[in-house]
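Reviewing the structure listed below.
The values are calculated or read from the model by the stated rules, or taken from the named source; none is laboratory data. As the structure is a computational prediction, the values presented were derived from the model and not from experiment. Positions of Cβ are generated from backbone atoms using ideal geometry, with glycine treated the same way; all protein chains shown enter the neighbour counts. Surface areas here come from the heavy atoms of the whole protein model, side chains and all, with no ligands, DNA or RNA. Shrake-Rupley method; radii C 1.70, N 1.55, O 1.52, S 1.80 Å.
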Amino acid sequence: MTQAEKEQDSGKEKEKERDKEKEKEQQRGVKRPIAPPAIPDPLQEQIQSNFIVVINPGSRTLRIGRATDTLPVTLPHVIARRHKQTGQPRYEDAWLLRDGLNKAESNEQRQNGLKMVDQAIWSKKMSNGVRRTPVSAEQARAYNCQIRPAVLDSCSSRVKWTNTAHQPPHLVGEEALYVNPSDCYNIHWPIVRGQLNVHASPGGSLTAVLADLETIWSHVIQKQLEIPLKDLKYYRCILLVPDIYNRQHIKEVVNMLLLNMGFSDVGDQKTSLCCVEDGVSHRNSRLCLAYGGSDVTRTFFWLLQRAGFPYRDCQLSSRLDCQLLQHLKETFCHLNQDISGLQDHEFQTRFPEAPALLYQVRLGDEKLQAPMGLFYPTTFGIVGQKMTSLQYRSQGDSEDPHDEHYLLATQSKQDQSSKSAADRKGISRPGGGLDGEMSGQGGIGELSDLTRGCGSSGGGAAIKVEMEFGPAQGECLMGSGEVEEPLSAHLSRKTAIMSQFESKALGLDKAILHSIDCCGSDETKRKMYSSILVVGGGLMFHGAQEFLLHRIINKMPPSFRRLVDNVEVITRPKDMDPQLISWKGGAVLACLDTTQEMWIHQREWQRFGVRMLRERAAFVW
């Protein structure tokens, strides 16, 4: 017998052995994960990090750069599009305004929230052991109402509107912010509260929003990173997405990156409020709250008006005034209760076609009350809106026949029952979980709309809170219910609990506690309490680290106070700008050897579509 014949017989025997092993597994009920067959890629050298682009698309800010860059390119995530027809009505996406603010109950809710804030401020003693003396808004108002601005400069140094004489079809970033309202341009923010800004007004269709994203990102890649679009076939892309995500939106964005823009590969990473252990996000711990930095800014403006704000022409409908208010919030607001009493401040206004003006303003508790809204969300005055979201199960996709619905349907009855019992612990657990949160104090806090977060890295575990929370889709912590329960009854019960939970606005501290409480074991919870890392720009107020630590320690279950040696809150890891942590995480991910298994290649996407996200994404799809 020749060597070739021997090898052929050996191969046949091995194939028979594999077939016998598969038959045994089927008899035992063993299920293998269903993965699309791999498409052989042409052999190529290990791709270099400077050929990987990391994209962190925020609601207000876009951060994009090569994985080797020290800092990303940062610009407002906004686009101005020229009208296609003469006389077309002008449209502009709102910045600080949102639905739910003009209800009859809004002002009453805002006042009630402010009372809870004042009570919380008074109840916490200052570092010298003395209670803080409240400052009445009327004390500041009497002074501010008399203030008149001083003119600073001549006409030659005034800020100018963006020059649109050459009629560009679109403008991006700072140029879009300074488009004259009298010009024929619509202003669009393609992402709001962490999700694609799909709405019924002009430019609000999914197709239009995706076109805006493609235009903005392509502009920055060409002009700022100096990468010709025709060369993107040599580049890979890391896309950062929130833990609470809309599957259809993520699918369309990946489709746009691979097929429209032409990246060769795409990898996914995530950011948000969740518990992370050994690099894995606990699905039941994910939470998304639909408010954030912009709501703090709007609340600060309301408090400024109560105190007689001297810039009396300020309007929330003006994008330049919104930009000014954002700056004032970042400059004046804090969470340090040792700073008390009335204080005098200065600020300038620099607008096109107007001289620069210098204002004096006297402020008291307003600087502390506004950021306290993150812990007492009723202060925002938002009525009738879904404020909390969890990750819903996939509703199914025609491109992905072997999704989790298929896996659940093919599970054994025993597996389904045990999984249901484990999942329900997130709701039925006394004193914690969903029911525990909803039956808590009357003044519950809230989270917000930033792309910013809290996380931790102690012993391989972390509680991560992303401060750009947007209206996202969520999954009830109940799991799939008892198998014996009729499906209609289960769905009704699940819907009732979800609607009750989603109407609540959890404060930042309560959201962290709830997320930790959804972890499966006390040991995991102990790890989460021991290290809380705050990343992003949502909690960059002076004194925020100590304030959040105080809230967590005082509200954590007494049993864990004895188990946890030290609760640590970190707001500036390694002295880095917390706003860049998520982008930097994506850049580091791009350089890891393990990332090579996670790339979704263009040819694979063309053939298998969304199935590749389930198989390759760094999170449970």
Condition first: among the aliphatic types (A, V, I, L, M) and either assigned to a loop (DSSP other than H, G, I, E, B) or closer than 30 Å to Pro169 by Cβ (or both). Now tell me which residues in region 82-131 satisfy that.
Ala94, Leu96, Leu97, Leu101, Ala104, Met126, Val130
Restricted to region 300-332, and to residues that are open to solvent by less than 10 Å² (accessible area, probe 1.4 Å), in contact (Cβ under 8 Å) with a residue 60 or more places away in the chain and within 29 Å of the chain's Cα centre (by Cα), which residue is farthest from Pro134 (Cα to Cα)?
Cys322
For region 598-607, indicate whether the set of residues that are part of a helix (DSSP H, G or I) and closer than 20 Å to Val241 by Cα is non-empty.
yes
May I ask you to list pairs of residues, at least six apart or on different chains, whose Cβ atoms are under 8 Å apart, with the first in region 134-150 being farther than 12 Å from Leu303 by Cβ and in contact (Cβ under 8 Å) with a residue 24 or more places away in the chain and the second being open to solvent by less than 50 Å² (accessible area, probe 1.4 Å) and of a type in the set (D, E, K, R)?
Pro134/Asp365
Of all residues in region 335-364 being under 17 Å from Arg132 (Cα atoms) and touching a Lys or Arg at 6+ places or on another chain (Cβ under 6 Å), which is surrounded by the most Cβ atoms within 10 Å (Cβ to Cβ)?
Gln337
Where residues in region 215-231 are open to solvent by 50 Å² or more (accessible area, probe 1.4 Å) and more than 12 Å from Gly173 (Cβ to Cβ), which of them is nearest to the chain's Cα centre (by Cα)?
Gln222
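Using the structure shown, decide if Gly204 is without any contact (Cβ under 8 Å) to a residue 12 or more places away in the chain and open to solvent by less than 20 Å² (accessible area, probe 1.4 Å).
In short, yes.
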I'd like the residue in region 60-77 that is in contact with a Gly (Cβ under 7 Å, 6 or more places away or on another chain) and within 30 Å of Val383 (Cα to Cα) and, out of all such residues, is least open to solvent (accessible area, probe 1.4 Å).
His77
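If a residue has to be open to solvent by less than 80 Å² (accessible area, probe 1.4 Å) and of a type in the set (Gly, Ala, Ser) to count, how many in region 160-187 make the cut?
2
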